[in-house]
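Step one of this worksheet: look at the structure below.
Please treat every number below as a calculation from the coordinates, not as lab data. Worth saying up front: this structure is predicted, and the values here are computed from it rather than measured. Ideal geometry is used to build each Cβ from the backbone, glycine not excepted, and the neighbour counts take in all protein chains shown.
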Amino acid sequence: MRWKKDDLTGWGGVLHREAELARPERLAALAAVLKANPCPAIGARLSYGDAPLAAKAVDMTRLDRFISFDEKTGLLDAEAGVTIGDILATFGPKGWMPAVMPGTGHATLGGAIANDVHGKNHHLAGSFGQHVESIALMAPDGTGQRISLKSKPKLFRATIGGLGQTGVIVSARIHLAKCPAGHMAVQERRMEDLDAFLEAFNQSRADYQVGWLDMTAGGINLGRGILEEAHFADGPFEAARKPRSVPFNLPGFAMARPLVKVFNWFYMRRVPEAGRDVQRPLQKFFFPLDNISHWNRLYGKRGFHQFQCVLPDEHAPATLNLMLEAVVASGLASPLSVLKRMGHGRAGMLSFPMEGFTLAIDIVNKPSAKALLARLNELAKNAGGRVYLAKDSSLEPAYLPDMYNELEDFRSEANKADPERVFETDLAKRLNIRGQA
Ligand SMILES: Cc1cc2nc3c(=O)[nH]c(=O)nc-3n(C[C@H](O)[C@H](O)[C@H](O)COP(=O)(O)OP(=O)(O)OC[C@H]3O[C@@H](n4cnc5c(N)ncnc54)[C@H](O)[C@@H]3O)c2cc1C
């Protein structure tokens with residue numbers, strides 16, 4: 001297998017490294033690569049920080065075949081490089097879809113399991129890993145085994161959300177959910193401030209919920225934004241449109257505070273004061289940002305961080321207030337800031353979800369971002385919350401045991417499965433996820 005040199009970076013573009021990549025297309029080639037050069041697997045590199053970075057890595061995106069599908073039960077067996085968008089596009093018209101979908105359809109099945117991703121229906125459907133029946137996992141020496149909650153409960157729970165630290169996810173059997181229609185009926189309402197937002201989330205009975213926040217608004221408007229509540233609506237299944245593209249890195253002023261403010265002003269007023277009902281094809285509703293490929297270039301060469309945390313209900317209102325004040329005062333926020341309700345569903349020892357509210361904010365990578373991120377991480381920790389490792393580029397390693405209370409069990413399983421630590425990524429090393437050797 002040929003190894004190719006590449007400049008590896010996560011979606012945020014802040015953390016980089018020179019790396020050698022192997023891109024096997026067949027199982028036998030994957031096993032041979034691991035045997036000769038054991039190293040971590042990566043997917044489409046849509047994690048924002050250094051989760052998909054390592055000196056050597058196996059790119060799994062060409063192992064992307066569907067293996068089998070049972071039309072009666074919805075059980076799908078697929079290779080790890082298949083994307084969530086592929087699954088929706090292929091099985092949606094047959095009446096099935098992934099039960100949980102992140103905000104991009106380009107994430108691979110392996111990446112979705114390794115981060116135990118969540119979607120806009122987390123409060124009802126839980127996390128992605130809760131719909132995984134079994135996983136074909138490859139050890140550092142290229143040997144494989146099939147694991148499930150029944151056969152190997154600890155290894156299975158360490159693998160889901162386990163950031164690739166227990167082995168290479170070669171393929172997985174997942175339960176698809178019924179896909180009743182090709183469109184979503186979306187109700188959009190303006191929220192005047194944070195209290196109104198949280199109250200509306202608490203009252204909402206919608207199957208899918210997501211909130212957009214205007215992070216340029218302070219004072220009495222702090223936390224204003226738009227709440228989207230959605231359910232399936234009649235309408236044919238439409239193929240995804242060809243995306244428009246941001247052709248090159250934009251200059252630094254593209255995300256300057258005055259421009260973001262103007263953009264947000266118009267974005268907020270897109271929805272009339274009385275609210276509105278719209279219908280959207282599934283792809284457009286679930287993966288709104290996939291309509292513009294390379295949208296991360298809007299931030300220019302310096303890139304951006306994404307901070308995402310989840311806060312337990314009892315501390316969420318006060319802590320969100322403090323976080324929003326800090327971000328608004330910093331002037332570093334971009335138009336992409338999201339608030340969501342989470343249920344308690346999580347499938348792995350290192351899974352992110354927790355019952356409460358999750359806040360995700362894109363932060364322009366300027367020198368002052370460091371202090372802001374440190375403040376946000378500290379607020380999340382003090383509130384008993386968690387930072388999402390799929391997005392992280394700045395967490396204090398010392399916060400990890402407080403945020404992830406099954407960390408010791410995880411370490412023990414991962415270190416058993418990979419005693420030489422060949423699957424450690426840059427993120428795993430930076431945060432000492434595997435513990436002392
Ligand atoms: C626009 C956008 C919207 C997003 N919205 C959401 C959202 O709503 N909810 C959410 O939860 N996440 C969201 N994300 C994050 C994204 O879904 C996750 O980071 C996901 O894991 C990315 O998948 P990937 O294939 O790119 O994996 P990568 O980023 O390449 O890898 C992620 C991790 O998985 C490991 N890994 C990947 N493949 C394998 C494998 N085959 N075997 C073992 N380990 C493997 C890697 O080592 C790494 O640790 C979003 C990201 C973007 C860019």
For the chain, built as a Gaussian network whose Cα springs stay under 10 Å, the top-fluctuating residue of Asp277, Asp50, Asp116: Asp277
Once amide hydrogens are built 1.01 Å from N within the peptide plane, the residues lying 5 or more places from Ala99 or on another chain with amide H under 5 Å from its amide H are Ala177
Can you divide the C-alpha Rg of region 195-274 by 2.2 N^0.38 Å and report the result to two decimal places? 1.43
The long-range amide H neighbours of Tyr208, using H built 1.01 Å from N in the peptide plane and a cut-off of under 5 Å, are Ala230
Pull out a ≥ b ≥ c, the square roots of the eigenvalues of the alpha-carbon gyration tensor of region 55-135, then state rounded if a/c is under 1.5, prolate if not and a/b is larger than b/c, and oblate in the remaining case. oblate
Karplus couplings for region 66-76 from phi (6.51 cos²θ - 1.76 cosθ + 1.60, θ = phi - 60°), rounded to Hz, Gly and Pro as x? 7, 9, 7, 8, 9, 5, 7, 9, x, 7, 10
Kirkwood Rh in Å, taken over all unlike Cα pairs in region 373-437: 12.5
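Taking a temperature of 37 °C and a viscosity of 0.692 mPa s, what whole-number D in µm²/s does Stokes-Einstein yield for the chain with Rh from Kirkwood over alpha carbon pairs? Please list the in-between numbers first.
Values: Rh = 22.0 Å.
Rounded, D is 149 µm²/s.
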Comparing Lys56, Lys284, Lys72 in a Gaussian network model of the chain (Cα, 10 Å), the one with the largest mean-square fluctuation is Lys72
Helix-only [θ] at 222 nm, the chain, -39500 (n - 2.57) per DSSP H run of 4+, per residue, nearest 500, equals -7000 deg cm²/dmol
Links exceeding 24 Å between C-alpha atoms in this model, out of Lys120/Lys370; Lys242/Lys366; Lys120/Lys178, come to Lys120/Lys370; Lys242/Lys366
The answer for the net charge of residues other than Phe307 whose Cβ lies under 11 angstrom from its Cβ, with Lys and Arg +1 and Asp and Glu -1, is 0
